[in-house]
Amino acid sequence: MRYFIFLILSFFLFYSCSNSAEEVPIEFFKDKSISIEKKIQKVLENSYLKTLGFNDSQSTWLQEHYEKQSFKPHWINDSMVIESGVKLKKTLSNSMWFGIPENRLSFSKKIKFNWVEEEIILTAKTAFILHDLNKGFLNIKDKKYKLKKFISSGSFDSTLSLTNKLSFDEIFLQQRLVDTNYQFMASKLYAYCQSYTLDKTTFDVEAYKNDSLYTIPKAKKALISKGYLNEKLKDSLSFVDALKVFQEHNGLKKDGKVGKYTAWALNESTYDKVLRVAFVMDKLRTASAYPSKCVRINLPEYLLRFYVNDSLKQIHNIVIGKTENQTPQLESKIRDIVVYPYWKVPFSIASKEVLPAAKRSAGYFAKNKYKLFKGETEIDPYSVNWKRIKDETFPYQVKQEPGPKNSLGIIKFEFYNEFSVYVHDSPAKSLFKTDVRSYSHGCMRCENPVDLGKVILDYDSVGRKRNDLTRDSLDTLLGRAENFVIKLKKPIPIYVEYNTVFADREKLIFHLDIYKRDEEYLKIMKE
């Protein structure tokens, strides 16, 4: 019995001691006879930091940081947050301007937020955001947030030393200066957030055809909410001009009309658009450096770029897969340029498109220069009873002969990948003039691909040894109109990527999330 009473008393004694730091009365912090250093020490006790939401490693970092400076504050004095702290709070409240989601800087609801606590919180938030700006906050593969970490103590101290000559906004924008692509996006996002309202409103604008009675008012409401239109100002843009600016910012045709894709873009909140910028920036933070010579394709942008020595040599419009035949993201190496290629029609296309056409007329094969094979044996299409063949049991292989009508056009760039996609020419040239180019079965159709082939050959060499075939050789081969494979001396790395936002030194462009691949990540960043 005595032992039981001893345990109860020990429990209450331990409980009262363990909570003593948690329940520090506000009078303690207001007591001017106690130094600010002593007050900071009290907040830095393990049990107190735990109530603020810090784990053991974060608590240790904070304790060591303040111990080094004899517990002197950065952002407060004896009774309030000082000017530097106020400015820092404002910058941190605009974390989205720097590509960091707001919920990355959120803390436990138990925070009391007296000014001494705010000293620690401001230091912690600064250490958090500096870490995320440099190391990233997303685990892209696992689709979840990384654990929140502080930047290293040395980096934090060196960053704080810049506050004498730079604002906090400038300091945050200076992170990752070595990455030009990242810096373009960071600076353009910051400028955009200063110019346009970061609204969280979604809309239900519908594309109009002849009747604009309901479309125009909804579109106006969306443009006003996003900060593109202000009818109260005398020098405000007209509706059409404001819409054209919005279309330009969203990579759409500047026609001043509310078409299908303009309506789609208007319906998305600016907040979600900026979250997509944050997602792309985080991918850039953790990405490996590109080789000096490579082809990069950005699917939502519908563009192919060829770089040599980090200089852009070629840029081409492309057509990508339809939403039901999405072009995959991949990395590979272009090894061959194929002139006047054959096309081995995939089973999915042969069974769903060729077979129905063959059932209507076996003449479809000759008209489109298709040949039919069973194994290695060529089959006469007229000898087949097409009506008896079901889609899922299509027993033949279909090959299209080279020529201007070939679905691959007159030139193809081959690279190994498990998806059997490649970059190629196309007879359907008019599609390259549209702004949202999602029409293919998964391959990437390239506008003016012969120009790309010539420039690739111009730079194809190993050391001083150049490819025997030149741009003139390519013209000769094309003139012969025969199938020919050009082997590259040095394979060119190719990256097929999915980034719904692009920035360069001139502009920031939002593109539609055509395949909705960003949605899972945006959900994480909004929770």
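Only the coordinates and a few stated rules stand behind these numbers; no lab work does. None of the values given here were measured: they were computed from a predicted structure. As a convention, Cβ positions derive from the backbone with ideal geometry for all residues, glycine included, and neighbour counts pool all protein chains shown.
As a test of understanding, state the convex hull volume per residue of region 347-461 from its alpha carbons, in Å³.
148
Nearest 0.05, what FRET efficiency do residue 47 and residue 191 give at R0 = 51 Å with Cβ-Cβ as r?
In this case the efficiency is close to 0.70.
Can you tell me the orientation of helix 180-195 relative to the chain, as the angle in degrees between its alpha-carbon axis and the longest Cα principal axis, to the nearest 10?
70
For region 343-448, which GluC sites (Glu not before Pro) pass both filters: DSSP loop (anything but H, G, I, E, B) and at most 16 other C-beta atoms within 10 Å?
376, 418
To the nearest Å, what is the center-to-center distance of region 138-216 and region 413-445, using C-alpha atoms only?
Taking the Cα centre of region 413-445 as reference, the centre of region 138-216 is 32 Å away.
³J(HN,Hα) across region 470-483 via Karplus (A = 6.51, B = -1.76, C = 1.60, θ = phi - 60°), whole Hz, x for Gly/Pro?
Coupling constants for region 470-483: 10, 4, 5, 4, 5, 4, 4, 5, 5, x, 6, 6, 10, 5 Hz.
Please report, in Å, the Rg and the Dmax of region 390-527, where both are computed over Cα atoms only.
Spelled out, the Cα radius of gyration and Dmax of region 390-527 are 19.1, 60 Å.
Report ³J(HN,Hα) in whole Hz for each residue of region 289-305, in order, from the Karplus equation J = 6.51 cos²θ - 1.76 cosθ + 1.60 where θ = phi - 60°; Gly and Pro get x.
So the J values, rounded to whole Hz, are 5, 6, x, 5, 10, 6, 10, 10, 10, 10, 4, x, 8, 6, 9, 10, 10.
For region 344-401, rounded, prolate or oblate, judged on the Cα gyration tensor with a ≥ b ≥ c (square roots of eigenvalues), a/c < 1.5 rounded, else prolate if a/b > b/c?
rounded
Measure nothing but the geometry: give the 0 to 90° angle between the long axis through the Cα atoms of 115-135 and the longest principal axis through the Cα atoms of the chain, rounded to 10°.
20
Step through the table entries 399/487; 39/200; 429/523; 390/412; 125/244; 367/412, compare each Cα-Cα distance with 30 Å, and write down the pairs that go over it.
In this structure, 39/200; 429/523; 390/412; 125/244 exceed 30 Å between Cα atoms.
What number do you get for region 480-527 when its Cα radius of gyration is normalised by 2.2 N^0.38 Å, N = residues?
1.97
In Å and from the alpha-carbon atoms only, list the Rg and Dmax of region 217-294.
16.2, 52
Across bins of 10 angstrom width beginning at 0, how are the C-alpha pair distances of the chain distributed, in whole percent?
3, 14, 19, 19, 17, 12, 7, 5, 3, 1, 0
Given region 21-176 reduced to its alpha-carbon atoms as identical point scatterers, what log10 I(q)/I(0) does the Debye formula return at q = 0.17, 0.19 Å⁻¹?
-1.04, -1.29
Report, ordered by chain and residue number, the aspartates and glutamates lying within cross-link reach of residue 89, taken as a straight Cα distance under 14 Å and ignoring same-chain residues fewer than 8 apart.
Hits, sequence-local ones excluded: 102, 117, 118, 119, 169.
Quick one: grab Rg to one decimal and Dmax as a whole number for region 225-346, Cα atoms only, in Å.
Gyration radius and largest Cα-Cα distance of region 225-346: 19.3, 62 Å.
Could you let me know the centre-to-centre spacing of region 234-270 and region 329-408, using Cα atoms, in angstrom?
42
Compute the angle between helix 83-93 and the longest alpha-carbon principal axis of the chain, please, reported from 0 to 90 degrees and rounded to the nearest 10.
Once rounded, the angle reads 40 degrees.
Residue 371's amide H: which non-local residues (gap 5+, or another chain) put their own amide H closer than 5 Å, with H modeled 1.01 Å from N in plane and none for Pro or chain starts?
Distant-sequence amide H within range of residue 371: 399, 400, 401.
Given Cα pairs under 8 Å that are at least 6 residues apart, what percent is the relative contact order of region 21-176?
This gives 22 percent for region 21-176.
By the gyration tensor of its Cα atoms, with a ≥ b ≥ c the square roots of the eigenvalues, what is the shape of region 413-466: rounded for a/c under 1.5, prolate for a/b over b/c, or oblate?
oblate
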